[in-house]
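> I am attaching a structure below and will ask some questions about it afterwards.
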Number of protein chains: 2
Amino acid sequence: MVTSPELAPVFDRRCETCPVRHHAICSVLENQHCHDLSDIMVHKHFQRGQALWGEEDDAEFIAIVVTGTVKLFKMLSDGRQQIVGLLFPSDCVGRAFSETQQTFAEAATDTELCCFPRRQFEQVLKQHPDLEHALLEKTLNDLDNARNWMIGLGRKTAGEKVASFLSEMARKSELTKCNQHRPPANVPIFMLPLTRVDIADCLGLTIETVSRNFTKLRADGVIKSVDARTIEVCDPEALARLAEAE
Amino acid sequence: MVTSPELAPVFDRRCETCPVRHHAICSVLENQHCHDLSDIMVHKHFQRGQALWGEEDDAEFIAIVVTGTVKLFKMLSDGRQQIVGLLFPSDCVGRAFSETQQTFAEAATDTELCCFPRRQFEQVLKQHPDLEHALLEKTLNDLDNARNWMIGLGRKTAGEKVASFLSEMARKSELTKCNQHRPPANVPIFMLPLTRVDIADCLGLTIETVSRNFTKLRADGVIKSVDARTIEVCDPEALARLAEAE
DNA sequence: TTTGGCTGTTGATCTTCGTCAACGAAAACA
DNA sequence: TGTTTTCGTTGACGAAGATCAACAGCCAAA
């Protein structure tokens, strides 16, 4: 499935303009090898709330998040659910080397994915140890992140959970903003890509408890809410203190 | 650092008798390549409670658990702690490709490790894509396990947490027992490698709550305690039911 | 033998967070 | 435009689990 009949350009046209070309795992591929991936890629769009795959779906594709936010979550038989991963642009979604997905996945915001059929992706990994190495490093980081999350779930109070969540989201938004030449010393203002329900499912709390803790942070002058989803961190140090040592 | 001056035997002697030779990631190495690992390996023993490395220690070695149980944990500034991983024989401990460990590690029982200096281990990984692939698969599994743990921490009740912990430990002990030719239909009896404190730190509970839930399971006839650490699961189905869908 | 430390259990009480309910604002829709 | 739905906030109340305290069994050291 080559996108145009002419002689292969150095880049696939979609890769040339891809905002995550130099941040995602594909960045380890030299231009001349990038085709091994771009030949099998399909860009897909998902609307907020749309499932990337179903419960016991086969793991059909591996994808790189181009824009938007994806949530990975688990569910108990009675409907209780827990978000176990948030994926941002340049992150990798989908379980390689397994016939089944181990989690649900849903677009938390409108999302664009760069998708590769899983089996073919695994073939490319085999041909390019560099790429597989990049995936290994990314997976090790994901594991570190998951474990950092675990101490929050198991041992932090509701207030600490909310504070560290906001702290982390502020950090994330600063990182992605770095492309634009902004002084990072500014008071961070950012938009949460998650609803209160999602935040609660992230932190193992109820929406009411999340809401109350937002209110408290507002009352204490730590944050301001431009609207329910847009947060200004007035006092980053206080927020970090409330979040407890990471 | 070759162990003997004579011509290289097919196996290092310690590998020949190693109980995890065919289960750990080194199993993907053909006998003739096994030396690339065994040449750099050092067996170390740790006593129950002994730290494998300190807080901000450099990541000096990667190891395979030969016997015993290792716990990985995180800590908040005020001492609250959370176990984020349990490692059993054939599991891999230590963070490859990072200068620092991201967790504390401690021997939960007397433990024997097969250790490799990290840098040299990473070199061997580079030379053997098969080995690196095995590490990737193991890391992906670790990530799946961490995420399964997360829904328990965030969303299960104390009773469900204890039940699923016991269920999981019973399963683990059955797996390792498979070497001996035992009918698996038996009522499982096994020994917990963890104290109540450790179990509480696993599940994000206090020791009192753990203890009360053990008592309840005993009262309901789901388990019997031979002693505080030795558990007989009288009613595996009931235990699984109490643990909620995994 | 006694002593002291460690581990685990149990009871009484307190706190945090979940549950239930009402309501307001914004967005979606007809 | 009004109507419905979704999302977030707030209050009253109750339950799950934490905290505080006492104690028993076990083992090692004196």
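The values are calculated or read from the model by the stated rules, or taken from the named source; none is laboratory data. This structure is a prediction, so every number in the text was calculated from the model and none was measured. Cβ coordinates were reconstructed from backbone atoms using ideal geometry, including for glycine residues, and neighbour counts include every protein chain displayed.
> Go through region A:114-130 residue by residue and tally those that are within 11 Å of another protein chain (Cβ to nearest Cβ) and of a type outside the set (Asp, Glu).
5
> Given the options A:Leu125, A:Leu131, name the one that is buried (at least 19 other Cβ atoms within 10 Å of the Cβ), more than 18 Å from the chain's Cα centre (by Cα) and in contact (Cβ under 8 Å) with a residue 60 or more places away in the chain.
Working: A:Leu125 fails: in contact (Cβ under 8 Å) with a residue 60 or more places away in the chain.
Checking each option against the conditions leaves just A:Leu131.
> Can you go through B:Val233, B:Val226, B:Val197 and tell me which one is touching a Leu at 6+ places or on another chain (Cβ under 9 Å) and either within 11 Å of DNA strand C (Cβ to nearest atom) or not acidic (Asp, Glu) (or both)?
On the way: B:Val226 fails: touching a Leu at 6+ places or on another chain (Cβ under 9 Å); B:Val197 fails: touching a Leu at 6+ places or on another chain (Cβ under 9 Å).
None of the other options fit; the residue is B:Val233.
> Kindly list the number of the only condition in (1) in contact with a Pro (Cβ under 9 Å, 6 or more places away or on another chain); (2) modelled with pLDDT of 95 or more that fails for A:Glu16.
(2)
> Could you please find all residues in region A:61-86 being within 11 Å of the chain's Cα centre (by Cα), within 13 Å of chain B (Cβ to nearest Cβ) and free of Cβ contacts under 8 Å to residues at least 60 places away in the same chain?
Matches in region A:61-86: A:Leu72 only.
> Further question on the same structure: Take the residues in region A:198-246 that are at pLDDT 95 or above and on the phi > 0 side of the Ramachandran plot, then tell me which one is nearest to the chain's Cα centre (by Cα).
By that ranking, first place goes to A:Gly204.
> Right, another one. Please determine, by comparing only the residues of region B:200-223 that are small (Gly, Ala, Ser) and within 14 Å of chain A (Cβ to nearest Cβ), which one is farthest from DNA strand C (Cβ to nearest atom). Don't jump to the end; show me each part of the working.
The initial filter retains those residues of region B:200-223 that are small (Gly, Ala, Ser), namely B:200, B:204, B:211, B:219, B:221.
Now narrow it down to the ones that are within 14 Å of chain A (Cβ to nearest Cβ): B:200, B:204.
Details: B:Ala200: 9, B:Gly204: 12 Å.
For region B:200-223, the residue satisfying everything is B:Gly204.
> To continue, here is another question. Looking only at region A:97-113, filter to residues that are in contact with a helix residue (DSSP H, G or I) (Cβ under 8 Å, 6 or more places away or on another chain) and crowded, with 19+ Cβ neighbours inside 10 Å; which one of those is nearest to the other protein chains (Cβ to nearest Cβ)? So that I can check it myself, show each step before the final result.
If we filter region A:97-113 for residues that are in contact with a helix residue (DSSP H, G or I) (Cβ under 8 Å, 6 or more places away or on another chain), which is where we start, we get A:97-98, A:102-103, A:108.
Adding the requirement that they be crowded, with 19+ Cβ neighbours inside 10 Å leaves A:103, A:108.
Working: A:Thr103: 6, A:Ala108: 17 Å.
Selected residue: A:Thr103.
> Go through (1) touching a Gly at 6+ places or on another chain (Cβ under 8 Å); (2) more than 30 Å from B:Met169 (Cα to Cα); (3) not charged (D, E, K, R) and name the single condition B:Phe61 misses.
It fails just one condition, (2).
> Also, quick follow-up: Is it fair to say A:Thr139 is closer than 26 Å to A:Ser38 by Cβ, more than 13 Å from every other protein chain (Cβ to nearest Cβ) and touching a Ser or Thr at 6+ places or on another chain (Cβ under 7 Å)?
Working: closer than 26 Å to A:Ser38 by Cβ: yes; more than 13 Å from every other protein chain (Cβ to nearest Cβ): no; touching a Ser or Thr at 6+ places or on another chain (Cβ under 7 Å): yes.
No.
> If a residue must be within 13 Å of DNA strand D (Cβ to nearest atom) and either touching a strand residue (DSSP E or B) at 6+ places or on another chain (Cβ under 7 Å) or among the aromatic types (Phe, Trp, Tyr) (or both), how many such residues does region B:227-244 contain? I'd like the intermediate steps shown before the answer.
First, pick out the residues of region B:227-244 that are within 13 Å of DNA strand D (Cβ to nearest atom): B:227-230, B:242, B:244.
So of that shortlist, the ones also either touching a strand residue (DSSP E or B) at 6+ places or on another chain (Cβ under 7 Å) or among the aromatic types (Phe, Trp, Tyr) (or both) come out as B:229-230.
Of the residues in region B:227-244, 2 are within 13 Å of DNA strand D (Cβ to nearest atom) and either touching a strand residue (DSSP E or B) at 6+ places or on another chain (Cβ under 7 Å) or among the aromatic types (Phe, Trp, Tyr) (or both).
> Quick check, is A:Cys92 within 14 Å of chain B (Cβ to nearest Cβ), touching a residue at least 40 places away in the same chain (Cβ under 8 Å), under 18 Å from A:Lys126 (Cα atoms) and under 20 Å from the mean Cα position of the chain (by Cα)? Spell out how you get there, then give the answer.
Working: within 14 Å of chain B (Cβ to nearest Cβ): yes; touching a residue at least 40 places away in the same chain (Cβ under 8 Å): yes; under 18 Å from A:Lys126 (Cα atoms): yes; under 20 Å from the mean Cα position of the chain (by Cα): yes.
It is true that A:Cys92 is within 14 Å of chain B (Cβ to nearest Cβ), touching a residue at least 40 places away in the same chain (Cβ under 8 Å), under 18 Å from A:Lys126 (Cα atoms) and under 20 Å from the mean Cα position of the chain (by Cα).
> Please determine whether any residue of region B:86-97 is on the phi > 0 side of the Ramachandran plot and of a type in the set (A, V, I, L, M, F, W, C). Write out each step before concluding.
Just the residues of region B:86-97 that are on the phi > 0 side of the Ramachandran plot, to begin with: B:90, B:94, B:97.
So of that shortlist, the ones also of a type in the set (A, V, I, L, M, F, W, C) come out as B:97.
Scanning region B:86-97, I find at least one residue that is on the phi > 0 side of the Ramachandran plot and of a type in the set (A, V, I, L, M, F, W, C), so the answer is yes.
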